[in-house]
Amino acid sequence: MLDKSKIGHEFDSFTTLVELGKLKFFAKATGEKTPMYSNTEVAQAAGYVAVPIPPTSVFSLDLDSDELMPVVPVLGLDVGRVLHGAQEFEYFAPICVGDEITVTSTIKDIYDKKNGALDFVILENTYTNQQGVLAATATSTLVQRN
């Protein structure tokens, strides 16, 4: 059973720059071929100030943290027993090349199922731009088999 007193725990925020090279790499890795996600002129013709991030790539901003998966030591998770159960995204404002995005992660919930055989951890990441505007949220569910 995981420590439910950790619900509400907020991890150290970090800020990362949205770079065109990383977006092009993400688009290539995921098979995204829409020119708007790699070509500035096409993006601007579509009404963006610069190349916007492709759908779901907001998750890749998390990888710019100095610590990958900081929830593991905080909750004492056994990474050999952890599965990524679900991922949801909600967008409020465009995120484009040149934006400085501050990522903040919070443990939103911890619960178990099957008489403690499975522990669930709900994490919410917020992505706020350099103007202080909340641009997106990502909610992920981690499942630990006990």
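This model, with +1 at the C-beta of Lys and Arg and -1 at the C-beta of Asp and Glu, gives the range 17-72 a dipole about its Cα centre of some 320 debye.
Straight-distance candidates among the aspartates and glutamates for linking to residue 24, with alpha-carbon spacing under 13 Å and chain neighbours fewer than 8 residues away dropped: 32. Among 104, 14, 85, whose Cα sits farthest toward the positive end of the charge dipole of the chain (+1 at Cβ of Lys/Arg, -1 at Cβ of Asp/Glu, about the Cα centre)? The Cα lying farthest towards the positive end belongs to 85. Any chance you could give the angle, 0 to 90 degrees and rounded to 10, that helix 20-30 forms with the longest Cα principal axis of the chain? On a 0 to 90 degree scale, this one is about 60. With helices as the sole contributors, the chain gives -4500 deg cm²/dmol at 222 nm; each DSSP H run of n ≥ 4 counts as -39500 (n - 2.57), and the sum is divided by every residue.
Per-residue Karplus couplings for the range 119-125, computed as 6.51 cos²θ - 1.76 cosθ + 1.60 with θ equal to phi - 60°, are listed in order as 9, 10, 10, 9, 10, 10, 10 Hz, Gly and Pro entered as x.
Can you give the accessible area per residue of the range 72-146, in Å², using a 1.4 Å probe? Per residue, the range 72-146 has 49 Å² of solvent-accessible surface.
The values are calculated or read from the model by the stated rules, or taken from the named source; none is laboratory data. None of these values were measured; they are calculated from a predicted model. Cβ coordinates were reconstructed from backbone atoms using ideal geometry, including for glycine residues, and neighbour counts include every protein chain displayed. To get the accessible areas, we keep the full protein, side chains included, count just its heavy atoms, and leave off ligands, DNA and RNA. Shrake-Rupley method; radii C 1.70, N 1.55, O 1.52, S 1.80 Å.
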